[in-house]
Amino acid sequence: MGNQKSSGESRPPRLYNLGSTGLAEAILQTMDQPLLVLRDDLTVEEANSAFYTLFKVDTEETRGRLLYEIGNGQWNIPELRRLLEEVLPQQSVVEHYRLEHKFPEIGKRIMILNARRLPPEGDRPELILLVISDRTETEQARFELEGYVEFGEKLIDSTREALLVLDWDLKVVRANRPFYDAFQVSPDDTKGRLIYELGNRQWDIPRLRELLENVLPNNNAFDDVEVEHDFEHVGRRVMLLNGRRLDHLDLILLAIRDVTEQRRMERERETQVGELHHRIKNVLTTVDALVRRTLRDSGSLEEFGRAFESRLGAMARTQDLLVRAPRGSVDMSEILRLELQAHGGREGGNFNLDGPAIALPQDAVQAFAMAVHELTTNAVKHGAFASPEGRVDIQWTVQAGEGGATRVMFRWRERCPIITSAGRTGYGSRVLEAAFRHTLKGSSRLTLHPDGAEFSAEFQL
């Protein structure tokens, strides 16, 4: 192989006939893989059309030329030299030799080379057959496929929703971490198992069977199908299921979104909206009653304005308590303290509160608050708060009532030097009676003493 011809010498004729029948020539030219027939000095004896087409060279610049000089020297590749000049002489046959090279005309190619030495026979000299299999597109496709597989796996792992990849026999090929975490199952008990067998058969759900066995084969997909199910370890869950058939991969993708908490919040929101509508309706009804009754009890427009503003303020304070209170209940002492302080009361000074904590339900809060407002207003106008020496002592106790109810005994006692009378029973008195007798289903009594007024009431919660 040391006697290599330079490109400057004339091209030699063929050294042998490929066959009188032309069979060898036909085989050579019909092969779809590029093939070179080389002499022992590595000059090209013959090349087939596949070689010329792939590497964009012609017969004149190929046949009879040194291999390394073909295509303006683009075949002068160190790895190819090593194969032909070192490896092949020692082994006679080389198979599956991988070679990468960037050609000026056709770019980077990935090739698998198979070479064989043919010893001399008759008048035929020693030859080398070099078959070149272009794997560029195949490897590129494999690389892209591996990339898609990696992308798919990372996409599955990064998705916050629970995902299952099933084969067409409905066995689990893959599951992501959110699935394992949400349903408290392990990979060992999941992969390769029939989906209905997962978690001690807790996934054997009739609606899921219908989706996977009837809907998906006919429609190739289903979207946002809501399924409720009681799981052994995680309790009742509400799920939105989305399924896709991947026909080219014989796989099924099942996405599971847990909307249990979302549905719970939606139900709570609907309840709250209903309660808000009810509360607004009640407030409007109360305001309407305030307007009508205050108007009837007022001797002038100015008197109406003062009275209505005062009562409307009491309502506003009560509504604020209801908004801030958990579950719509308000402690009775908060109502008393807020209303008395709004009229200048000082706890421990001109009023005292003594009684256990009592949570008034929402429907009782407004009635009790309006009653306290009327008591406080009367105290300001005619009683204890009308005198610097006056004071109000408020006490309440509780007892067990019938059917597990709570019975409340309430006492409001004013002490002051002189009690002035309003002269008639006004709207305030009717509010007290309506609050305790009708709304709170109890009874009330007002008693005037020489040193002040006393109001007592009993009602049931």
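The values are calculated or read from the model by the stated rules, or taken from the named source; none is laboratory data. Keep in mind that this is a model prediction, so the values were computed, not measured. Cβ coordinates were reconstructed from backbone atoms using ideal geometry, including for glycine residues, and neighbour counts include every protein chain displayed. Note: accessible area is taken over every heavy atom of the protein model, side chains too, but ligands, DNA and RNA are not part of it. Shrake-Rupley method; radii C 1.70, N 1.55, O 1.52, S 1.80 Å.
The largest accessible area among Arg267, Arg116, Arg411 belongs to the first residue in Arg267, Arg116, Arg411, and the rest follow in falling order (1.4 Å probe, all chains).
The simple spin-label model puts a point 7 Å past each Cα toward its Cβ; for His438 and Asp58 those points are separated by 11.3 nm. Ordered by solvent-accessible area of protein heavy atoms (1.4 Å probe), largest first, the residues Asp204, Asp40, Asp363 come out as Asp363, Asp40, Asp204. Accessible area per residue was computed with a 1.4 Å probe on protein heavy atoms; Thr53 scores about 100 Å². Placing +1 on each Lys and Arg Cβ and -1 on each Asp and Glu Cβ, with no other charges, gives region 67-151 a dipole about its Cα centre of roughly 100 debye.
Amide H to amide H, with H built 1.01 Å from N, Gly64 comes under 5 Å of Val44, Glu45, counting only residues 5 or more places away or on other chains. Surface composition of region 85-141: carbon plus sulfur atoms hold 45% of the accessible area, using a 1.4 angstrom probe and ignoring ligands, DNA and RNA. Using only the C-alpha atoms, the convex hull of region 85-146 corresponds to 115 Å³ per residue. What's the FRET efficiency of Glu389 with Val291 using the Cβ-Cβ distance as r and R₀ = 22 Å, to the nearest 0.05? Rounded to the nearest 0.05, the efficiency is 0.05.
Need the full-extension length gain, Asp363 to Gln341, defined as separation in residues times 0.36 nm minus the C-alpha distance. One decimal, nm.
Full extension from Asp363 to Gln341 adds 5.6 nm.
The stretch between Ser456 and Glu402, if pulled fully straight at 0.36 nm per residue, gains 17.4 nm over its current Cα-Cα span.
Sorting Arg160, Arg124, Arg391, Arg346 by accessible area puts them as Arg160, Arg346, Arg391, Arg124; the probe is 1.4 Å, largest comes first, and only protein heavy atoms count. Subtracting the Cα-Cα distance of Leu99 and Arg82 from their residue separation scaled by 0.36 nm leaves 5.0 nm. Residues whose amide H comes within less than 5 Å of that of Phe103, counting only those at least five positions distant or on another chain, are Lys108, Arg109 (H built at 1.01 Å from N in the peptide plane). Accessible surface calculations at 1.4 Å, restricted to protein heavy atoms, place region 75-189 at 61 Å² per residue.
Each label was represented as a point 7 Å from its Cα along the Cα-to-Cβ direction; for Lys381 and His248 these points are 8.6 nm apart. Across region 93-190, the mean sequence separation of Cα contacts (distance under 8 Å, 6 or more residues apart), normalised by length, yields a relative contact order of 15 percent. Between Leu194 and Val173, the modelled label-to-label distance comes to 2.0 nm, taking each label 7 Å out from Cα in the direction of the beta carbon.
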